[in-house]
1. Would you mind classifying the chain by shape? Square roots of the alpha carbon gyration tensor eigenvalues, ordered a ≥ b ≥ c; an a/c under 1.5 is rounded, otherwise it is prolate if a/b is larger than b/c and oblate if not.
2. Under a crude label model (7 Å from the Cα following the beta-carbon direction), how far is ARG39 from LYS178 in nanometres?
3. Please list, in chain and number order, the residues 5+ apart from LEU52 or on another chain whose amide H is under 5 Å from its amide H, with Hs placed from the backbone.
4. Quickly estimate the mean residue ellipticity at 222 nm for the chain, helices only: each DSSP H run with n ≥ 4 gives -39500 (n - 2.57), and the total goes over all residues, rounded to 500.
5. For the range 5-57, how big is Rg over Rh, using alpha carbon atoms and the Kirkwood form of Rh?
6. Rounded to the nearest 5, what % of DSSP beta bridges with both residues in the chain are antiparallel?
7. LEU27 versus LEU136, label points 7 Å from Cα toward the beta carbon: distance in nm?
8. Would you be so kind as to identify all helices of the chain, as entire DSSP H runs, whose Cα atoms reach 18 Å or more along the helix's own axis and whose mean Kyte-Doolittle hydropathy is at least 0.0?
Amino acid sequence: MDEAGRGPLAGEVYAAAVILSPDRPILGLKDSKKLSSKRRSELSIEIKQEALAWSISFSTVDEIDTLNILNATILAMTRAVEGLSVRPDLALIDGNRAPILFGVATQTIIKGDQTEPCISAASIIAKVARDERLMLLDQMYPQWGFRAHKGYGTKSHIEAIRVFGVTPFHRKSFEPIKSMNL
């Protein structure tokens with residue numbers, strides 16, 4: 001399992017779980033941040049075609065603001081595992097925090113998206129799904145520039161928030177939004 005979108009000021013946090021087939025290895029799997037957008041999209045399609053099972057889930061902006069980003073991420077991860085068509089015995093998780101999964105052992109691996117192909121695959125499909133969501137938000141709210149910054153706190157994004165305010169998809173518990181008088 002891995003997540004995408006913990007740090008941005010806007011958008012849901014996504015999580016994915018992937019069970020790869022040992023008979024159908026996928027070449028080129030690595031941390032999604034180390035791949036071009038085009039290559040991530042190509043690999044996402046291949047992962048979905050070749051994996052034994054995969055699932056993508058998310059936690060909403062309201063869940064992020066209510067639960068905090070860590071707990072919302074754990075919730076999204078739990079949902080991703082629950083969405084798998086095959087129940088795993090062991091879940092490998094990127095990072096140092098794991099959800100409690102009933103009947104599934106967990107193992108956290110710091111920088112696991114760089115060393116474990118199944119975590120890399122989860123990283124890729126979660127990132128592609130989140131980026132696709134931000135493209136839709138860009139169509140709904142073009143003046144915020146989601147296409148360019150994907151919700152991250154860039155200078156242009158923060159300026160757009162100052163000028164236009166927040167959308168329903170902005171995380172109001174995140175700084176600098178939390179401290180702005182909007």
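1. Here the chain falls in the prolate category.
2. Inter-label distance under the simple model: 3.6 nm.
3. Excluding prolines and chain starts, which carry no amide H, the hits are ILE19, LEU20, SER21.
4. One gets -12500 deg cm²/dmol as the mean residue ellipticity at 222 nm.
5. 1.00
6. Of the beta bridges lying entirely in the chain, close to 70 percent run antiparallel.
7. The modelled label-to-label distance comes out at 3.4 nm.
8. Span-like helices in the chain: 69-82, 117-140.
Coordinate-derived values only; no laboratory data. If you're wondering where the values come from, they're calculated on a predicted model, not measured in any experiment. For neighbour counting, all protein chains shown are included, and Cβ atoms are generated from backbone atoms with ideal geometry for every residue, glycine included.
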